[in-house]
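Here's the structure we're looking at; comments come further down.
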């Protein structure tokens, strides 16, 4: 079994803005601030969905012995692994 890749850090949109642009405040422009917040939330949701998909894929790859160790069955693991990435 391959080792798990490290989890991606949660980067915010504000942390990706260059230093010279950071001096300009989106608070001066409320509509732009709303757009930036929506983009930031969208990026966070996509990161979460990708992480869920990775975890579900790994769950589907576990052997029956490991599934038994965590208290689940092969059927339950496959039901979880087939869920779309956006579903909880």
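Please treat every number below as a calculation from the coordinates, not as lab data. Worth saying up front: this structure is predicted, and the values here are computed from it rather than measured. Note: ideal-geometry Cβ built from the backbone for every residue, glycine included; neighbour counts use all protein chains shown.
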### Query
How big is the C-alpha Rg of region 27-81 next to the rule-of-thumb value 2.2 N^0.38 Å, as a ratio?
1.85
### Message
Suppose each label sits 7 Å from its Cα in the direction of the beta carbon; what would the residue 63-residue 81 distance come out to in nanometres?
### Response
1.5
